[in-house]
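Throughout, read-outs are computed from the coordinates displayed, never taken from laboratory work. Here the structure is a predicted model, which means the values were calculated and not measured. Here Cβ is always computed from backbone atoms with ideal geometry, including for glycine, and neighbour counts include all displayed protein chains.
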């Protein structure tokens, strides 16, 4: 059996899946002051009367790190930056304790300016004075050559509890994001480690020997101990859980849109050939743009509880939420009230909804049913319009080769999957507006936990071979190895696959569940003074987000 | 330094799968390190920098500008149509008010492509800026447009296309044609008889540095622009004046390029040449993008930058000052040249020999323009290339007067297509293109 638990901001969902069937489920209010307690409560409920030795795996997702960042309950981090020429420091992300050091790697990973290790002495002195125990290091182009970052890290290690190195967190180019990613990783490191320890203690107490996995923002899981030094990967796993939890109900291999219609917002995610699309660079959280791989979602400020107003004779919905719908004791009319008043949603206090909408109807000089209909209709229109915009965005994503521009695949969904409170009521009208089929997956109230339970382990590897210099770099592994002048694209792909398998195994992937994909495959002949001097080979491979096991229908 | 933030559109199309030939400077690798630098600096994360995907230019877009022999499809590849389409995309973003300015970082370049195209010259088949300008006028109404060609090579293609157009100011600054391809671009090349002074050439000596470029900008280009009052300024933005460029001899820097774009404030910039792909382009392009977007570029610097080695000598300073002064005189005196040059002629003819170095084609051309006080004048071209193709073309100019249009129609009707491989008729205002 598999246990999946999602500790979300409001609710904690948990499921027990036995022989591919949903066997137990529970939904609790999350205890804001004690997320760990919520997790343990849910686990205790599911495991009651179960033979714990039969657990195949336990998978969890938690909003702990996300909350810590949003509420700024994080550790003070000393950021050591080597930026070289380019953007001025005024344009780079700002942190409370930032130290610029000498040293610069250029775009090919060639050291242009050496590091002055003695500069670190002053920094460590300042750390001591300020009581800084956590550090982040980011160098420009460190994903092309991590040596300077590694040396800075070694210089800081002895005097700190933890050092986050930019190149370890992502192989992607984007220096400001690398800074932010290293910062966040260092800032939540101690909290996350504490969390991992508590989970491990719980498992030890219960004598659970099955592996425990944690969900990442990209919808993949890794074994909990593997997440200790890269906790940033686990932020924003909530939206990922919801998308992954819908996947078991989606016909495999198709282009589709998943809508999570919540109280305050509606989140839009897209599947291409059945696989959720990833953010091109990384997720954004608390104002920080990062290189953390995450599922691509767009959130719009319209949900079931958005406040409805009439402004200059026109209906305005959201983006603010003042409370639940009036039908459920809230202070102001909402789209949910429009659904209740029109009889679409047979829940709550219909009279109260009608009374709340009456003043709006008067302002509109229309009947109550007409007004309720108009609000509902506009809510659907706005969400459908946002979905259309998301699809346009995705399909107008820039490409850089003639082949891709001429032959480029477009994502053309034909199906809509809606989850969340008003999903049952809104799915069909939304599908009609978009011209797609509409579906509401079962067990939507515990979709997040299902997603956590079933997601496979994901991993990625970026390879850069520069045969003119005779160097091959696996950025995130901090690895550079010599290659010959004759090193080829085929060898590079082979090596990248090998590295990916090795990494995925280490992170907890099972041998028969590695759906590999090449996401970048570029070879550039290098020419200097009209002579071919080498090749610049760039390969990225990944294990796609997806389901490790499927859910059989029927409970 | 406080700068006004501008919304900048970026059309980035490095054509990573296209080269003229494997070791040609115009190859797959050309914008690779530029892409690396632009991505690593995180420029696309700025709210005021927006990236657009290029479309493909249509055959009509090429035929509106060029006379392609035998036709547009034969002299262009997808890569040319995407580069032209990307440039058009830049113009659309600006003219539809989506951005304040835009930079088309596309390849291959186009500024050596002339009106008649028998093949490729100077790595260029079709002229991106010219195709874009004709597109703008067709879709967004009449515009006075200035093209400032800051490539190190004379923008001879752009000059040729707008030679007779008084509504398009073409200023080219470049390394002295006696020392560099294509060997033209002297002060006395000042436009056709109906458009004297709207072509301005400012040759600069080898070794010109930032200081020299700014002298020319301040004492010729900016004052002329001030008086011409264009609706749009276009920077034909070659990056081969850089001190590391392998095929030129200038000493311009990334800081210089950024400041030039800040001062010139082009509405649209279009990449032309520039083949120092590792040492210059990454820094120059980041500098230009930041300058166009009004973001501090003061920290953009080449790793090997050394101010002391880039100083100009006294000879160079004097050459630059004299050349700048002469160019400004051409502009100032432009109305006085007409009587001397045109006299009582009713039409004037120039004969040109054009060599297509990239494709190894030679062309002999005779171009005749009707002298006209009301428009740029109807033009006929008789062109014979050593491919064996001889063609005749009639061009009714942009904002043509009725008499030039009538003369053009008569010339087309009269032309005997048995003598030519093709007779072409192009009418800009009516957007007509015919072949017989």
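For the modelled label position 7 Å from the Cα of residue A:521 along Cα-to-Cβ, which residues of segment A:257-292 have backbone nitrogen atoms closer than 16 Å?
Label zone hits: none.
Tell me the relative contact order for segment A:456-543 as a rounded percent, counting alpha carbon contacts under 8 Å between residues six or more apart.
40
Would you mind giving the mean number of other chain beta-carbons within 10 Å of the Cβ of each residue in B:40-52, as a whole number?
Averaged over the peptide's residues, the number is 5.
Viscosity 1.306 mPa s, temperature 10 °C: what is the translational diffusion coefficient of the protein assembly as shown from Stokes-Einstein with a Kirkwood Rh over Cα pairs, rounded to a whole number of µm²/s?
Rounded to a whole number, D works out at 50 µm²/s.
Rank by packing, highest mean first: peptides B:314-327, B:394-407, with packing defined as the count of other Cβ atoms within 10 Å averaged across residues.
The densest-packed peptide leads the list: B:394-407, B:314-327.
Taking the Cα centroid of segment A:413-471 and of segment A:397-412, what is the distance between the two, rounded to the nearest whole Å?
Centre-to-centre distance over Cα atoms comes out at 22 Å.
Using a Gaussian network model on chain B with a 10 Å cutoff between Cα atoms, which of B:254, B:130, B:421 fluctuates the most?
Answer for the Gaussian network model of chain B: B:421.
Hey, could you get me the Stokes-Einstein D for segment A:77-187, Kirkwood radius over alpha-carbon pairs, 37 °C and 0.692 mPa s, rounded to whole µm² s⁻¹?
243
Where in segment B:130-144 does the label zone of residue B:435 land, with the point 7 angstrom along Cα→C-beta and an amide N cut-off under 19 Å?
B:131
Could you compute the FRET efficiency for residue A:75 and residue B:298, with r as their C-beta to C-beta distance and R0 at 45 Å, rounded to 0.05?
Between residue A:75 and residue B:298 the formula returns 0.85.
P(r) for segment B:215-357: what percent of alpha-carbon pairs falls in each 5 Å bin, starting at zero?
Bin by bin from 0 Å, the calculated values are 2, 8, 14, 16, 17, 16, 12, 7, 4, 3, 1, 0.
Report, as an integer, the average count of C-beta atoms from other chains found within 10 Å of each Cβ along A:522-533.
What the average comes to for A:522-533 is 4.
I'd like the distance between the alpha-carbon centres of segment A:338-388 and segment A:178-255, rounded to an integer number of Å.
What the calculation gives is 40 Å, centre to centre.
Give me the one-decimal nm value for the distance between modelled label points at residue A:111 and residue B:355, 7 Å along each residue's Cα-to-Cβ direction.
The modelled label-to-label distance comes out at 4.9 nm.
Say each of residue A:362 and residue B:307 gets a label point 7 Å from the Cα, pointing the same way as Cα to Cβ; how far apart are those two points in nm?
Those two pseudo-labels are separated by 7.4 nm.
Could you sort B:47-56, A:200-209, B:243-252, B:163-172 so that the peptide with the highest average Cβ count within 10 Å comes first and the rest follow in order?
Put in order of decreasing packing, that is B:163-172, B:243-252, B:47-56, A:200-209.
For segment A:1-155, what value does the Rg/Rh ratio take when both radii are computed over Cα atoms and Rh is the Kirkwood radius, given to two decimals?
1.19
I need to check one value: relative contact order of segment B:199-314, counting alpha carbon pairs closer than 8 Å and at least 6 residues apart, in percent.
Across segment B:199-314, relative contact order equals 29 percent.
Pull out the extension gain between residue A:388 and residue A:529, defined as 0.36 nm times the separation in residues minus the alpha carbon to alpha carbon distance; nm, one decimal.
Taking residue A:388 through residue A:529 to full extension adds about 45.8 nm, to one decimal.
Under the Kirkwood approximation applied to all pairs of distinct alpha-carbon atoms, what is the hydrodynamic radius of segment A:251-440 in Å?
Final number for the Kirkwood radius of segment A:251-440 is 17.8 Å.
Please grab the % of Cα pairs in segment B:8-87 that end up more than 16 Å from each other.
So the portion of pairs separated by more than 16 Å is 61 percent.
Give me the angle, in degrees from 0 to 90, between the Cα long axis of helix A:350-364 and the longest principal axis of the Cα atoms of chain A, rounded to the nearest 10.
Roughly 80 degrees between the two axes.
Given Cα pairs under 8 Å that are at least 6 residues apart, what percent is the relative contact order of chain A?
Here the relative contact order equals 15 percent.
Hey, what angle do you get for helix A:147-157 against the long axis of chain A, alpha-carbon based, 0 to 90 degrees rounded to 10?
On a 0 to 90 degree scale, this one is about 80.
Add -39500 (n - 2.57) for each DSSP H run of 4 or more in chain B, then divide by its residues: what number comes out at 222 nm, to the nearest 500 deg cm²/dmol?
Estimated from H runs of four or more residues: -9000 deg cm²/dmol.
To the nearest 500 deg cm²/dmol, what mean residue ellipticity at 222 nm is calculated for chain A from DSSP H runs of n ≥ 4 alone, each contributing -39,500 (n - 2.57), summed and divided by the residues?
Result for chain A: -10500 deg cm²/dmol, rounded to the nearest 500.
Helix A:35-47 versus the longest principal axis of chain A: what is the Cα-based angle in degrees, 0 to 90, to the nearest 10?
Helix A:35-47 sits at roughly 70 degrees to that axis.
Can you give me the distance in nm between label points at residue A:53 and residue A:550, each placed 7 Å from the Cα along the Cα-to-Cβ direction?
My value for the distance between the label points is 3.2 nm.
Could you state the orientation-averaged shadow area of the convex hull built on the Cα atoms of chain A, in nm² to one decimal?
Averaging across all directions leaves 28.9 nm² for the Cα convex hull.
I'd like the distance separating the alpha-carbon centroids of segment B:79-152 and segment A:37-104, in whole Å.
So the separation of the two Cα centres works out to 48 Å.
How would you rank B:305-311, A:364-370, highest first, on the average number of other Cβ atoms within 10 Å across their residues?
Order by mean packing, descending: A:364-370, B:305-311.
Could you calculate, for segment B:8-335, the ratio of the Cα radius of gyration to the Kirkwood radius, expressed as Rg to Rh?
0.93
Given that compact globular proteins tend to follow 2.2 N^0.38 Å, what is the ratio of the alpha-carbon Rg of segment A:493-555 to that value?
That ratio works out to 1.71.
Evaluate peptide A:396-404: per residue, the Cβ atoms of other protein chains within 10 Å of its Cβ; return the mean as an integer.
What the average comes to for A:396-404 is 6.
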